[in-house]
1. Determine whether region 91-111 contains at least one residue that is over 26 Å from Asp48 (Cβ atoms) and open to solvent by 30 Å² or more (accessible area, probe 1.4 Å).
2. Can you tell me which residues in region 418-437 are part of a strand (DSSP E or B) and either among the aliphatic types (A, V, I, L, M) or at pLDDT below 80 (or both)?
3. Since Tyr446 meets every condition but one in (1) in a strand (DSSP E or B); (2) at pLDDT 65 or above; (3) more than 30 Å from Ala475 (Cα to Cα); (4) not basic (Lys, Arg), which condition does it not meet?
4. What residue, among those in region 394-417 that are at pLDDT 75 or above and hydrophobic (A, V, I, L, M, F, W, C), is farthest from Asp464 (Cα to Cα)?
5. Could you check, for region 481-488, whether at least one of its residues is surrounded by 14 or more Cβ atoms within 10 Å (Cβ to Cβ) and in contact with a Pro (Cβ under 9 Å, 6 or more places away or on another chain)?
6. Given the conditions (1) under 24 Å from Ala722 (Cβ atoms); (2) open to solvent by less than 50 Å² (accessible area, probe 1.4 Å); (3) assigned to a helix (DSSP H, G or I); (4) hydrophobic (A, V, I, L, M, F, W, C), which single one is not true for Leu198?
7. Going through Ser588, Ser564 one at a time, which residue ends up being out of contact with any helix residue (DSSP H, G or I) (no Cβ under 7 Å at 6 or more places or on another chain), modelled with pLDDT under 75 and either surrounded by 15 or more Cβ atoms within 10 Å (Cβ to Cβ) or farther than 30 Å from Val499 by Cβ (or both)?
8. What is the one condition in (1) in contact with a strand residue (DSSP E or B) (Cβ under 8 Å, 6 or more places away or on another chain); (2) within 30 Å of Leu269 (Cβ to Cβ); (3) open to solvent by less than 60 Å² (accessible area, probe 1.4 Å); (4) at pLDDT 75 or above that Ser578 does not satisfy?
Amino acid sequence: MIRSQFRPAVIALLVLAITLPAAAESAKSLYNKGRDAEARQNYEQAYDFYKQAYSQKPQDTSYRSAYERLRFLAGASHVHRGQLMREAGKLDDALIEFQKAVEIDPSSAIARQEVLRTKQMIEAAKTPGPKASVLPSATDRRLQEAAGPVELAAIPNIPINLKITEDTKVIYETVGRLAGINVLFDPDYTSRRIKVELNSVSLEEALEIIAMESKTFWRPVTPNTIFIAADNPAKRKEIEQSVIKTFYLANLSQPTELQDVVNALRQILEISRIQPLQSEGAIIVRGTPDQIALAEKLVDDLDKSKPEVIVDVAIMQISRDKSRTLGINPPTSASVQLQPNINTNVSTPTSNGTNAPSTSTTNGITLNALGNLNATDFQVTISQATATALFSDNNSKLIQNPQIRCVDGQKASLKIGERIPIATGSFQPGIGGVGINPLVNTQFQYTDVGVNIDITPKVHADGDVTLKITMDISAVDSFQNIGGISQPVIGQRKIDHEVRLREGEANLLGGMLEDSQTRSLSGIPGLAQIPILKYLFGQTNTERRQTETVFVLIPHIVRGLVVSDLNRRGIDVGTANSIELRQMSHGSSSETSPAPQGPSASAATHQTMAPAMSQSPGQPTVPAPSGASFTFDPPSISQTTGSTFAVNVVLSGVQNAYSVPVEVNYDPKLLQVVNVSNGPFLSQDGQTVALMHRDDDTTGSLQINATRPPGANGVSGQGTVATLTFKAKAPGNSTLAISRGGARDPAMQALPVAGTVAQVAIQ
């Protein structure tokens, strides 16, 4: 029974003993997998592995530190992938990536911003029509609904001819009716009579020319209304629109660049109300719509990302050292000295008066013993002679290949080496004495020793790169004692140069070659100088040392200056007294020009002409019920090649005609339009008639529009509307046909008129 009771406990202990090491091994394995993924820069996968390892062993600080460290990188990786998806138009997938980034790193502000922005883009894509967002306050709603500068709606861009001498108000109103726009005048404006003759100009160009001729200016009040006033600074300041806009400069690298843009706007566009914001890198500008548009162009011209260059620098230093020593170095000195112990035989006197010889050993010598010296008492020492035959050859190379990435116009520095302290300042010798230390006042300055490179690039528009270079290769050669302090002696090789290279071009810059030769001869004078005996009685030492230093530069442009066609194009900005943005005129055929709407629409385009006859050119049409019709006078013409002739366009049976638009078709291969002049019908009561025409000599279409002045009544009856002058170009038979035409009353209501044809024979 006891064994049966302990059996489940034993099994549980065995299970725990097996599973706990397995779990520990699993956490370590996950951690190792995370390290491998991080090494491959797969931060998302590494984060997942670290998270699992930390979840299994939260008490392990290494797992926690890795988990926390990868949190930011994994979130940034999801943000980057989401941005790429959003740029590709995959908004839903991008939103999922941004939400993953927020889930991984809740502290990421950019991830939350991208989530909000992407949601707004998705909602805007789902909502048809104007995208109106719910704003918290009335002020915000007013800002959201604030309109931009008023622009004049598109008007028919058809070339017209206008010849009129009339009051400026009448001329403005005439062109305004043709353009389909309302014309308002300043109460203080005083008009005057001027003469205007315009050929092949658009309606908008006609307004500009009339403004210049009459010394007035106009600005749009609504898309179809203009306001006209006298052109003077006071009126412009009073009437001109004022627009405010904030420009954010995205490519500033130095604080002075923002001020440079501000100065350019003030000097070029004469905008006085400009506020730079250094902290935001922004400019707030207030001015007229034209000034703001030009300011936007200048900001786009100047706010460019600076070009960047990577410069490959190869520094190669090659040293060669050859030496040769050949010959016999003979003895060069000899010395003679007494033996240390000299045996001398000296006779000493005895008591009986005789001399007895005696032998003694001494280190000295007496005068009496000088006569007893012999050759064995002296020692001769001669220096040794050596025979040498030695040759050595040493080669060494030092190669450094750094890369420097630098921004256009800004200096980049590379320093490889050491900083050596060098004593500077004053030195005091000190005060001698017991217990008194010498006083030394010494200052130290650190000098960079090694490879020092300073490069300032300038990228040109044609792809060339100008490099202003300072290269310094230095090393400590020796030391000198100066003022009791050991000072280093620094050997230096330096180049200060400016060169212009093509992108990718290798240039050998400042190769330095140092070649020194040393030859020495030592031996017995005289004998060592004899050509053959010098090798027996002398020694020759030859040494040659070469040091070559080569600098190679290779520039690579990694970011160029992006300049668009608009940046290069010159723009008409008005006169010196007023800054205006002149609009480009685009000529177009009447078939592609939009027809103006409303009762004040222009009668110059054939879309507004009454379709009172057949649409087939050259075919006569059935008269309209009103009985009004066109006829040519004469109805039949016979001419010779090269001659000119005139044909009158006669309008009959019309009532209350104010404007007469008509289209005449001819054969451009046989006929050429020379001139179009007014007829007496519309000016029968003395009113000035504005006659405009447009000739298309490729299709043989001549459009004519004769209009009485604004405010005048219509005329009735019969008469010549216009006189057409043609030139016969080639022989053949041609037809003049009014295929489209009609008349309009003062209310611009259509009065249908029947067309006509005329036969022309050219011999």
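The values are calculated or read from the model by the stated rules, or taken from the named source; none is laboratory data. Here the structure is a predicted model, which is why all the values come from computation and not from measurement. So basically every Cβ, Gly included, is an ideal-geometry build from the backbone, and we count neighbours across all protein chains shown. Protein only, heavy atoms only, side chains kept; ligands, DNA and RNA dropped before computing areas. Shrake-Rupley method; radii C 1.70, N 1.55, O 1.52, S 1.80 Å.
1. no
2. So the first thing to find is which residues in region 418-437 are part of a strand (DSSP E or B), and the list is 418-424.
Correct list: Ile420, Ile422, Ala423, Thr424.
3. (3)
4. Per the criteria, the residue is Ile416.
5. Looking only at region 481-488, we keep the residues that are surrounded by 14 or more Cβ atoms within 10 Å (Cβ to Cβ), and these are 485, 487-488.
So of that shortlist, the ones also in contact with a Pro (Cβ under 9 Å, 6 or more places away or on another chain) come out as 488.
Yes, there is a match, as at least one residue in region 481-488 is surrounded by 14 or more Cβ atoms within 10 Å (Cβ to Cβ) and in contact with a Pro (Cβ under 9 Å, 6 or more places away or on another chain).
6. (3)
7. Details: Ser564 fails: modelled with pLDDT under 75.
None of the other options fit; the residue is Ser588.
8. Among (1) in contact with a strand residue (DSSP E or B) (Cβ under 8 Å, 6 or more places away or on another chain); (2) within 30 Å of Leu269 (Cβ to Cβ); (3) open to solvent by less than 60 Å² (accessible area, probe 1.4 Å); (4) at pLDDT 75 or above, Ser578 violates only (4).
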